[in-house]
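Q: To start, I am sharing the structure in question, which I have written as structure tokens.
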Amino acid sequence: MADQHSTAATAAPVDFIRAIVDEDLATGKHHGRVSTRFPPEPNGYLHIGHAKSICLNFGIAQERGGSCNLRFDDTNPAKEDVEYVDAIKDDVAWLGFMWSAELYASDYFERLYRFAVELITQGKAYVDSLNGDQIRAYRGTLTEAGKNSPYRDRPVSENLDLFARMRGGEFADGAHVLRAKIDMASPNFNLRDPTLYRIRHAAHHRTGDAWCIYPMYDFAHPLSDALERITHSICTLEFEDHRPLYDWLVGALIDEDRPRQIEFARLNLNYTVMSKRKLLQLVQQGVVSGWNDPRLPTISGLRRRGYTPESIRDFCARIGVAKKENVIDVAQLEHSIREDLNRRAPRVMTVLRPLKVVLTNYPEGQVEEVDVINNPEDASAGTRKVPFSRVLYIERDDFLEDPPKKFFRLSPGKEVRLRCAYFITCTEVVKDGRGEILELRCTYDPSTRGGDSPDGRKGTPRGWRKAKRSSITSIPTRST
RNA sequence: UGGGGCGUCGCCAAGCGGUAAGGCGCGGGUCUUUGGAACCCGUAUUCGAAGGUUCGAAUCCUUCCGCCCCAGCCA
């Protein structure tokens, strides 16, 4: 089959991430395996920016015969909620992707804990008892190295004991943290003994109060990737600085099949708020009706607004994937939905500013039904019956009493075609005392039923509407 | 100021030493069975800047300039 509907997706050049995946496949790096994951934190709804990541992760798995997990990065009980995990699952599925497995970082809490113990045993992590302010002060600045915590050289046995007691609930929030022992003088802050675990006496949406210590993203993410045998861990640019830590952890705890983190530039849309924090604010303050308010760029908002999954996927395929910061013009998104809807949306005829038309030679009281095409772009969309009678309305803009030369619409003495109905000719203009046009008197040509002229007469068809078949509708105005 | 990234048309984006793809947008035109549709044409002598290497550079080297990210016990 000729791909006359070839999309940007099929024509799109291979982006740098797919190039890496293909290279790894070619060299047999992961024994021909490709495994990705989409790792949202259930602390809000997904938006169009997430769609880019979803299409990337699921797309690569799909195209290269791999798998893609949906993994909730739920390591911060304070911000997360089941409402969000349900919404996220709905949105991903609606976009047209099915995950190989539904997983949660919280499912790994026990194993992550054991990884932490292993790290302590290796002498690569320690329990720090400095408070938050002190830790910040010890961290140094952009130009000055940090200082070692006085607790940095606690013996392994003491660290093991303290860490176990942290888990046991002996300490208050903030009393201790587990930190990696790397390098307080590193120019990369992420390596200045990053925090791995903190004490949080808070109920978790899945584990309840089974835990009072929770792993940090930097600790949980690479190890969760490794546990799932993810091959390519794709994330956004701001995590580039975290990669050395990602590799450090994986290097210390994982023997084979280590995952690799690859960063790409997140999506930005002009005139669009894409920050989860700000979207949450709009929802909480009641500025919008909810996460699916059609004015929001959330997946559920776009869905409610009439966007189709196809159009969003097409958009993601068109914008590409690279490392350059970008601000996509919303016109690009709108183009995708227009193209999709144009191809499949059924049409209706409507009149915004009605002008009454009386067909003087059409039998009084007669009503006939004409077949109107549902979608000129798609013959299979069929036709519908629309009543036609002596009195009907056309768009005011479709009539001009004194038309310029290239005006193909109705004017006195001129003939025009009513879409899928008849040709009509304007014979008289009825006005009120002030010269306002009240109605038009026209004649119709019975031989042109269906809007076809037996003698090949042409004319741009105009929309029309039978009298008394109106319904009040609100018409969205174009926002320009 | 230290570190990590990035700079190709208004917005995206290919290009990987052999003489600037494509999409969106925009401009013009064609089309008398909707069109904010479709189709056609046009839209970077130039790749942040300056030097250098080379027969040849957006692609290699040097310096400079600009923008983004990092000092959460957030992700």
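The values are calculated or read from the model by the stated rules, or taken from the named source; none is laboratory data. Everything numeric here is computed off the predicted structure, so don't read it as measured data. Methodologically, a virtual Cβ is constructed for each residue, glycine included, from the backbone with ideal geometry; neighbour enumeration extends over all protein chains shown.
Q: Identify the single condition in (1) closer than 23 Å to A:N76 by Cα; (2) at pLDDT below 95 that A:I135 does not satisfy, given that it satisfies every other one.
A: (2)
Q: Take the residues in region A:249-262 that are under 17 Å from A:V34 (Cα atoms) and charged (D, E, K, R), then tell me which one is surrounded by the fewest Cβ atoms within 10 Å (Cβ to Cβ).
A: My answer is A:E256.
Q: Mind checking whether some residue in region A:269-277 is more than 14 Å from RNA strand B (Cβ to nearest atom), more than 22 Å from A:I17 (Cα to Cα) and under 21 Å from the mean Cα position of the chain (by Cα)?
A: There is at least one residue in region A:269-277 that is more than 14 Å from RNA strand B (Cβ to nearest atom), more than 22 Å from A:I17 (Cα to Cα) and under 21 Å from the mean Cα position of the chain (by Cα).
Q: Condition first: charged (D, E, K, R) and either within 49 Å of the chain's Cα centre (by Cα) or within 22 Å of A:V370 (Cβ to Cβ) (or both). Now tell me which residues in region A:402-452 satisfy that.
A: A:K405, A:K406, A:R409, A:K414, A:E415, A:R417, A:R419, A:E439, A:R441, A:D445, A:R449, A:D452, listed by residue number.
Q: Another question, then. Here is a check on your reading of the model: is A:T207 surrounded by fewer than 18 Cβ atoms within 10 Å (Cβ to Cβ), more than 10 Å from RNA strand B (Cβ to nearest atom) and polar (S, T, N, Q)?
A: Against the criterion (surrounded by fewer than 18 Cβ atoms within 10 Å (Cβ to Cβ), more than 10 Å from RNA strand B (Cβ to nearest atom) and polar (S, T, N, Q)), A:T207 qualifies.
Q: So which of A:N375, A:N361, A:N342, A:N292 ends up being over 30 Å from A:F264 (Cα atoms), polar (S, T, N, Q) and surrounded by 15 or more Cβ atoms within 10 Å (Cβ to Cβ)?
A: Step by step, each of A:N375, A:N361, A:N342, A:N292 is checked, and only A:N375 is over 30 Å from A:F264 (Cα atoms), polar (S, T, N, Q) and surrounded by 15 or more Cβ atoms within 10 Å (Cβ to Cβ).
Q: I've got another one for you. Could you say whether any residue in region A:121-131 is under 20 Å from A:Y217 (Cβ atoms), away from RNA strand B (no atom under 16 Å from the Cβ) and out of contact with any strand residue (DSSP E or B) (no Cβ under 9 Å at 6 or more places or on another chain)?
A: Within region A:121-131, not a single residue is under 20 Å from A:Y217 (Cβ atoms), away from RNA strand B (no atom under 16 Å from the Cβ) and out of contact with any strand residue (DSSP E or B) (no Cβ under 9 Å at 6 or more places or on another chain).
Q: Follow-up question, since we're still on this one. Determine, yes or no, whether A:L282 is surrounded by 15 or more Cβ atoms within 10 Å (Cβ to Cβ) and either in contact with a Cys (Cβ under 8 Å, 6 or more places away or on another chain) or in contact (Cβ under 8 Å) with a residue 60 or more places away in the chain (or both).
A: Spelling it out, it is not the case that A:L282 is surrounded by 15 or more Cβ atoms within 10 Å (Cβ to Cβ) and either in contact with a Cys (Cβ under 8 Å, 6 or more places away or on another chain) or in contact (Cβ under 8 Å) with a residue 60 or more places away in the chain (or both).
Yes/no matrix, rows are residues, columns are (1) within 16 Å of RNA strand B (Cβ to nearest atom); (2) surrounded by 17 or more Cβ atoms within 10 Å (Cβ to Cβ); (3) closer than 24 Å to A:L280 by Cβ:
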| position | (1), (2), (3) |
| --- | --- |
| A:L46 | yes, yes, yes |
| A:H50 | yes, yes, yes |
| A:C55 | yes, yes, yes |
| A:S67 | no, yes, no |
| A:T75 | yes, yes, yes |
| A:L112 | yes, yes, no |
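Q: If you take the residues of region A:176-192 that are surrounded by fewer than 18 Cβ atoms within 10 Å (Cβ to Cβ) and of a type in the set (G, A, S), which of them is nearest to A:L249 (Cα to Cα)?
A: Across region A:176-192, the extreme among qualifying residues is A:S186.
Q: Take the conditions away from RNA strand B (no atom under 11 Å from the Cβ), assigned by TED's automatic domain parsing to the domain that holds A:L178 and within 13 Å of A:P215 (Cα to Cα) and apply them to A:R152. Does it pass?
A: no
Q: Among the residues of region A:181-204, how many are more than 7 Å from RNA strand B (Cβ to nearest atom) and over 23 Å from A:D107 (Cβ atoms)?
A: 9
Q: Out of A:L112, A:L191, A:L142, report the one residue that is hydrophobic (A, V, I, L, M, F, W, C), within 21 Å of A:N43 (Cβ to Cβ) and either at pLDDT 95 or above or assigned by TED's automatic domain parsing to the domain that holds A:T75 (or both).
A: The unique qualifying residue is A:L112.
Q: Looking at region A:298-345 only, could you name the residues that are at pLDDT 95 or above and either polar (S, T, N, Q) or in the same structural domain as A:E377 (by TED's automatic domain parsing) (or both)?
A: Passing the criteria: A:T298, A:S300, A:T308, A:S311, A:N326, A:Q332, A:S336.
Q: So which residues in region A:378-415 are surrounded by 14 or more Cβ atoms within 10 Å (Cβ to Cβ) and of a type in the set (A, V, I, L, M, F, W, C)?
A: A:A381, A:V386, A:F388, A:V391, A:L392, A:I394, A:F399, A:L400, A:F408, A:L410 - these are the residues of region A:378-415 that are surrounded by 14 or more Cβ atoms within 10 Å (Cβ to Cβ) and of a type in the set (A, V, I, L, M, F, W, C).
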